[in-house]
1. Where Lys and Arg each count +1 and Asp and Glu each count -1, what net charge lies around residue 5 among other residues with Cβ under 12 Å from its Cβ?
2. Quote the FRET efficiency, to the nearest 0.05, computed for residue 71 versus residue 30 with a Förster distance R0 of 25 Å and r equal to the Cβ-Cβ distance.
3. If you consider only alpha-carbon coordinates, what radius of gyration and Dmax does the chain have, in Å?
4. For the chain, which chymotrypsin sites (Phe, Trp or Tyr not before Pro) pass both filters: DSSP loop (anything but H, G, I, E, B) and at most 16 other C-beta atoms within 10 Å?
5. Using θ = phi - 60° and the Karplus form 6.51 cos²θ - 1.76 cosθ + 1.60, what ³J(HN,Hα) does each residue of region 16-28 get, whole Hz, x for Gly and Pro?
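Just so it is clear, none of the values below were taken in a lab; they were calculated from the coordinates. As the structure is a prediction and not an experimental result, all values here were calculated from the model. Here the Cβ is made from the backbone with ideal geometry for all residues, glycine too, and neighbour counts use every protein chain on show.
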Amino acid sequence: MGREIELVRDRLLSGIVCCDVDPTSEGAFDEVDRLCRRLYNGTTGGWRTLRKEGNLFGATWDEVKPVPCKEHQNRWHYVVST
């Protein structure tokens, strides 16, 4: 069975995806970036996850770190940007 991902919030340059990639697993953020290639966003770069060591666009890591989905067990919400 393949990994699942869906865009649950789409803003001008950012969004939130819900997927079944546990952020504590090795290579989790790279895996979410790979899955994001399935999601259209109208840019040439596509969606990419925000990472603790990257540009958080003025937010803190606590504000943008992955959180468990409240609706689906074993799924997580990641903040993504273009």
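1. Numbers: positive: 3, 34, 37, 38, 75; negative: 4, 6, 20, 31, 33.
That works out to 0.
2. Numbers: r = 25 Å, r/R0 = 1.01.
Efficiency for this residue pair is about 0.50.
3. In order Rg, Dmax, the Cα atoms of the chain give 11.8, 37 Å.
4. Details: sites: 29, 40, 47, 57, 61, 76, 78; in loops: 40, 47, 57.
Taking the chain and a limit of 16 other Cβ atoms within 10 Å, the loop chymotrypsin sites (Phe, Trp or Tyr not before Pro) found are 40, 57.
5. 10, 10, 10, 8, 9, 9, 5, x, 8, 7, 4, x, 4
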